[in-house]
Amino acid sequence: NDLTFVCAHVALRTALAMVLPEGDIGYPRLNGLVGIDHKARMLGGGAGLKPDEMEAVLNQLGVSYEKIVHEPSAALLLPTEFQRDLYGFIESGFPALVGFELDRPNPGPAGAPRHVIPVFGHTFNEDTWLPDAQRAYFGGTLSYYPSENWLSTFVVHVDNFGPYLCLPRHFLTRDNFRVMYGLKRGPTPFGAVDAEAVGFDYLRAIATRFPTNGVDWYDRFVVFTRCGWLVLRTVLVSRDRYLVELKVATARDGASLEPQHVEKLQNTLPESFWMVEASAPELFAGSRRKFGEVLVSAQQPIPKPLNPSLLLAARLPGLLIIGGGAKPLAIEKTRLEGHTAPFTVARIG
């Protein structure tokens, strides 16, 4: 450690192995990308990789990322605010680098030392009391349940202790958290948390405009939407991956989406977009199923006030809506009238 690499090298190497086509990247190349002699620097009493040097590595490799900072000049409002963003990166199949400050009784002149670790997965607990308790006992005001509420631990690699360790949810708070680099499929004008809020607004508008369509599971979707009981899961997904999953999505009776509807989506969807899946607590945590999903554009900022311009499509029991920007929405009936399984997300390789 130190002479060959520091924690930033390990974090970058671990995360980049998940997204670079060539896979593993060695420490000499990482140092070469930022033009430093790491051994000479450390022997001279220098520090490890700085945040701007980590960013230089990502930029030179053409890796898109979103940076979230918690410093006195850019403070977070909520104790664990960054963790919903962290969950969004992981659900989209990408890792994140999380930097935090260590507790030291007598920090040096440069302040307390810092550490960075890669986070690349999570575990779920379907029996957790948090989703209901937060709403019932602690004044939660959201009109839906983020699926992140069922998250139990983040899966991390720590150079000091080993791989595949579980970091409990909410263990790191803003008191220690300092910076996060969330790797992404490509640049987007807004993140997963905002995309989820937009998706919910569209789902609520659909439930208002079409209060019933004679399909039992659609009518249940409307009830859960109006009562604030939806569970939402947000993923940044590619068109190709979405269509692969859509073609095999089936209800309990074996019904699937008609090929002509799949073809319409293939001809209209952009290369990548936000997918906001809509479920219910019993469906999501109990049987791993969902009502459907709404697709939100990831290519343009959120308009104020919100309008249908970001709505690419929505698939719900018995109903398919295809957006067209300035064009009127196309409303189609479908034979896929039941709930389906949530999409899996393939990691980029």
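The values are calculated or read from the model by the stated rules, or taken from the named source; none is laboratory data. Note that the structure is predicted; figures quoted are calculated from it, not measured. Because the Cβ atoms are built from the backbone with ideal geometry, glycine has one as well, and the counts that use them run over all protein chains shown. Protein only, heavy atoms only, side chains kept; ligands, DNA and RNA dropped before computing areas. Shrake-Rupley method; radii C 1.70, N 1.55, O 1.52, S 1.80 Å.
For the residues 87, 65, the requirement of being touching a residue at least 60 places away in the same chain (Cβ under 8 Å), surrounded by 17 or more Cβ atoms within 10 Å (Cβ to Cβ) and over 16 Å from residue 187 (Cβ atoms) singles out 87.
Yes or no: the stretch 22-31 includes at least one residue that is part of a helix (DSSP H, G or I), of a type in the set (Ser, Thr, Tyr) and at pLDDT 85 or above. Checked the stretch 22-31: at least one residue is part of a helix (DSSP H, G or I), of a type in the set (Ser, Thr, Tyr) and at pLDDT 85 or above.
Among the numbered conditions (1) surrounded by 14 or more Cβ atoms within 10 Å (Cβ to Cβ); (2) touching a Gly at 6+ places or on another chain (Cβ under 8 Å); (3) farther than 27 Å from residue 131 by Cβ, the only one that residue 232 does not meet is (3). The selection criterion, being crowded, with 21+ Cβ neighbours inside 10 Å and within 18 Å of residue 309 (Cβ to Cβ), does not hold for residue 183.
If the condition is being assigned to a loop (DSSP other than H, G, I, E, B) and either touching a helix residue (DSSP H, G or I) at 6+ places or on another chain (Cβ under 6 Å) or basic (Lys, Arg) (or both), then the stretch 129-156 contributes 140, 144. Restricting attention to the stretch 33-69, which residues are more than 21 Å from residue 177 (Cβ to Cβ), modelled with pLDDT of 90 or more and in a helix (DSSP H, G or I)? Residues satisfying the conditions are 33, 56, 57, 59, 60. Identify all residues within the stretch 251-291 that are in a helix (DSSP H, G or I), open to solvent by 20 Å² or more (accessible area, probe 1.4 Å) and under 24 Å from residue 198 (Cα atoms); write none if there are none. Passing the criteria: 264, 266, 267, 268, 281, 282. Screening 74, 96, 56 for residues that are free of Cβ contacts under 8 Å to residues at least 60 places away in the same chain and surrounded by 14 or more Cβ atoms within 10 Å (Cβ to Cβ) leaves exactly one candidate, 56. Total residues in the stretch 131-166 satisfying the condition of being open to solvent by less than 40 Å² (accessible area, probe 1.4 Å) and either in contact with a Lys or Arg (Cβ under 9 Å, 6 or more places away or on another chain) or closer than 27 Å to residue 290 by Cβ (or both): the figure is 14. Within the stretch 292-341, the set of residues being more than 21 Å from residue 218 (Cβ to Cβ) and buried (at least 16 other Cβ atoms within 10 Å of the Cβ) comprises 297, 298, 302, 310. Of the residues 177, 190, 210, 224, which single one is closer than 27 Å to residue 70 by Cα and either open to solvent by 10 Å² or more (accessible area, probe 1.4 Å) or charged (D, E, K, R) (or both)? Just a single option satisfies the conditions, and that option is 190.
Among the residues making up the stretch 298-314, those that are touching a strand residue (DSSP E or B) at 6+ places or on another chain (Cβ under 7 Å) and within 12 Å of residue 202 (Cα to Cα) are 308, 310, 311, 312, 313, 314. Residues of the stretch 22-34 that are open to solvent by less than 70 Å² (accessible area, probe 1.4 Å) and either free of Cβ contacts under 8 Å to residues at least 12 places away in the same chain or among the polar types (S, T, N, Q) (or both): 31, 32. Residues considered: 337, 277, 258, 263. Of these, the only one that is of a type in the set (Asp, Glu), at pLDDT 95 or above and within 26 Å of the chain's Cα centre (by Cα) is 277. Here residue 116 meets the list (1) farther than 29 Å from residue 13 by Cα; (2) modelled with pLDDT of 90 or more; (3) of a type in the set (A, V, I, L, M, F, W, C) almost entirely, failing just condition (1). Of the residues examined, residue 194 is not one that is farther than 18 Å from residue 85 by Cβ and acidic (Asp, Glu).
Counted as qualifying within the stretch 157-250 are the helices (runs of 4 or more DSSP H) with 2 or more residues that are in contact (Cβ under 8 Å) with a residue 12 or more places away in the chain, within 19 Å of residue 97 (Cβ to Cβ) and of a type in the set (A, V, I, L, M, F, W, C), namely 192-209.
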